[in-house]
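Some notes on the structure that comes next.
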Amino acid sequence: MNDCITVVGMDVSKEKIAVAVLPSKMEQITEELMIENHPKAVEKLVKRLASKGLVEFVYEAGPCGYELRRQITEMGHKCAVIAPGLIPVRPGDRVKTDRRDARKLARLYRAGELTDIRVPSREEEAARDLLRIREDILEDRLRAQNRLGKFLLRQGRVHQETKSWGVAHLAWVKAQRFEWEALRQTFQGYVRCWEETNARLQTLDQQVQDLSEREPFRTRALYLKCLKGISTISAMTLLVEVSAFERFSKARQFMSYTGMVASEYSSGNRVVRGSITKVGNAHIRRILVEAAWHYQRKSVLSKVLADRRKGCPETVVGIAKKAEDRLCRKFSRMTGRGKLPQIAAVAVARELSGFAWAIAKHFPTTAA
């Protein structure tokens, strides 16, 4: 970084912003203050500091989103948003305050030790939030199912003929009758809660489907759906969470972004690799692991998958076929050696992310 630039570290919370100013060619913080987290207060601070020379701002990504960064950028100044999981932590440092965090951000950013994230546009963030609320409703439906199932279990009502929550099971649930009025009201409340969350989920599924049929998502989602296990919901989740595959120059970089690479603690001649790092986007990791389970069975081209591949470029279909053959063999080989299916699924998901990155290289460059 240019030493002639003043670095301003900020620790952002809902109501306050802790600010630490590290002037150019200085080794120590010269000014610390606490301002209100309000656009007018931020504007006043930025104008005052910018009047003294070049200035750059930095803060940690968090629940307050990217509005602060957008405001500072629109004023013509650079503002970096830092990935929280990649901020170095000193061993034994057990004191954490807003002011200390602001000072730490300013020093580390000046030293080039921080990794800034790509901030999505407002349109990209809106699409991403639509997919994320669908995940929230999916969790709500699962909770409603568990509550209803446990209530029936407490009353000695157990359905064992078919799988849970299928057509036959739902018909059995709705046919239940209770002698006591309190039990009837409780049962109706649980059923109504499940029906409402299920209806909301179906509405969101249709909204995601409609979004996937518009550019810039339509063509890119079609390409990703050539991969076995990647449906419309999975493809859209990958697109809105990654936003721009081109920022990863190699497949290994995208694999690392998903957090599914092995952790390592090596010293000298001793090499120790552990479980996956889980550093990265958890939404992408979940989608890829779910898709990986489709590769535990023998590679057979289904009619649904064949229809999804119609009209796609031969290079994209070729990558999808190569992924299907390789990953099915990998899943079978790992489980055959005694590996747990869960471990095999994660290993397959890691390689699946590489094939998704390879397909993304063929995305159209123009956007709607």
Trypsin sites (Lys or Arg not before Pro) restricted to DSSP loop in the range 238-312 with at most 16 other C-beta within 10 Å:
Lys250, Lys278, Arg297, Lys298, Lys310
Percent of C-alpha pairs per 10 Å bin, the range 6-111, short to long
15, 53, 29, 4
Residue pairs, from the table Lys303/Lys361; Lys278/Lys339; Lys47/Lys104; Lys52/Lys104; Lys250/Lys278; Lys40/Lys278, whose Cα atoms sit over 30 Å apart:
Lys40/Lys278
Take the alpha carbon gyration tensor of the range 70-206, find the square roots of its eigenvalues, order them as a ≥ b ≥ c, and report rounded if a/c is under 1.5; if not, report prolate when a/b exceeds b/c, else oblate.
prolate
Mean ellipticity per residue at 222 nm, deg cm²/dmol - from DSSP H runs of n ≥ 4 across the chain, formula -39500 (n - 2.57):
-17000 deg cm²/dmol
Given a cut-off of 16 Å, what percent of all Cα-Cα pairs of the range 212-258 lie beyond it?
41
Just need the Rg to Rh number for the range 226-368, please, alpha carbons only, Kirkwood Rh.
0.99
Arrange Tyr190, Tyr265 by Cβ neighbour counts within 10 Å, fewest through most, would you?
Tyr265, Tyr190
Which of the listed residues, Gly338, His294, Gln176, is farthest toward the dipole's positive end in the chain, when Lys, Arg count +1 and Asp, Glu count -1 at the beta-carbon?
Gly338
Computed for the chain: size of charge dipole around the Cα centre, +1 on C-beta of each Lys and Arg, -1 on C-beta of each Asp and Glu, debye to nearest 20, value 1440
Compute the convex hull volume of the Cα atoms of the range 263-346, divide it by the residue count, and report the result per residue in Å³ as a whole number.
143
Quick check on the range 136-276: take the gyration tensor over C-alpha atoms, sort the square-rooted eigenvalues as a ≥ b ≥ c, and tell me if it's rounded (a/c under 1.5), prolate or oblate.
oblate
Work out from phi, with θ = phi - 60° and the Karplus expression 6.51 cos²θ - 1.76 cosθ + 1.60, the ³J(HN,Hα) of each residue of the range 238-245, listed in order in whole Hz, and give x for Gly and Pro.
4, 5, 6, 7, 7, 6, 9, 5
In sequence order, calculated HN-Hα J values of the range 14-25 (Karplus, 6.51, -1.76, 1.60; Hz; x Gly/Pro)
4, 10, 10, 10, 7, 10, 10, 9, 10, x, 5, 6
Karplus-derived HN-Hα couplings along the range 270-279 (A = 6.51, B = -1.76, C = 1.60, θ = phi - 60°), whole Hz, x at Gly and Pro
9, 10, 10, 10, x, 6, 5, 6, 6, 8
With the alpha-carbon atoms as the only input, what is the per residue convex hull volume for the chain in Å³?
227
Which residues' amide hydrogens lie under 5 Å from the amide hydrogen of Val55, considering only partners 5 or more residues apart or on another chain, with H built in the peptide plane?
Thr6
Taking the Cα centre as origin and putting +1 on Lys and Arg beta-carbons and -1 on Asp and Glu beta-carbons, what dipole magnitude results for the range 247-368, to the nearest 20 debye?
260
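Where a number appears in this text, it was derived from the coordinates with a stated rule and is not lab data. On a predicted model such as this, the values are computed, not experimentally measured, just so you know. Every residue, glycine as well, gets a Cβ built from its backbone with ideal geometry; the counts of neighbours run over all protein chains shown.
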